[in-house]
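Quick notes on the structure that follows.
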Amino acid sequence: MERVHSLSMMSRFLLLHCLILISLFIAASTANSSSTITDRDALLALKARITHDPTNFLAKNWNTSTHASLVMSIAIDCNRLSGSIPSAIVTTYTLKHVSLGGNQLSGQIPTNICSNLPFLEFLSLSQNMFHGGIPSTLSNCTYLRILSLAYNDFSGAVPREIGNLTKLKELYLGGNRLQGAHDHGV
């Protein structure tokens, strides 16, 4: 009798654990699905802000039927793209690498670019036509190791907050109209 009771308790225990695992699996699947939709939407927002794509690169490669898994890298260098960076790109939480260099992108860097990009390690916007000041909010990208903003039309002072990026190893700012000292502890 004791053995039957013990098996019954064990069965309940296993059933409870199975239910917990199923619940966690469903929660993870739902989170992954919503992240994928958010990532896809962010990529499509970037595509929508591109006003000129002479090689038709984005039209051939990014559309609503493309299955977007979690986006960790965006690298569309040297494609002669023109347009601006949408602020929706900051919704791509898993993004670690953004390389948009060698295009003809313009406008200002969205001030909220690091709001939801806690794991961004590499940001290259070099050789474009960005202008205005460098946003101090770039210091919110605490994992940033490489920041390349060279050969644009940035002006003003380099924000002191950039010196708070403790993981920053490489900083490229040449070819802009920046003023003042550039050594802020980097």
Check on THR166, at pLDDT 95 or above, more than 13 Å from the chain's Cα centre (by Cα) and of a type in the set (Val, Ile, Thr): yes
Tell me which residues, restricted to the range 109-164, are closer than 21 Å to ASN79 by Cα and surrounded by fewer than 15 Cβ atoms within 10 Å (Cβ to Cβ). MET129, ASP153
Hey, among SER136, SER99, SER148, SER124, which residue is in contact with an Asp or Glu (Cβ under 7 Å, 6 or more places away or on another chain) and modelled with pLDDT of 95 or more? SER136
Residues satisfying the stated conditions in the range 110-130, i.e. touching a strand residue (DSSP E or B) at 6+ places or on another chain (Cβ under 6 Å), without any contact (Cβ under 8 Å) to a residue 40 or more places away in the chain and in a loop (DSSP other than H, G, I, E, B): ASN128
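The values are calculated or read from the model by the stated rules, or taken from the named source; none is laboratory data. Being a predicted model, the structure only gives us computed values, none of them experimental. Using ideal geometry, Cβ is built from the backbone for each residue, glycine included, and neighbour counts are taken over all protein chains shown.
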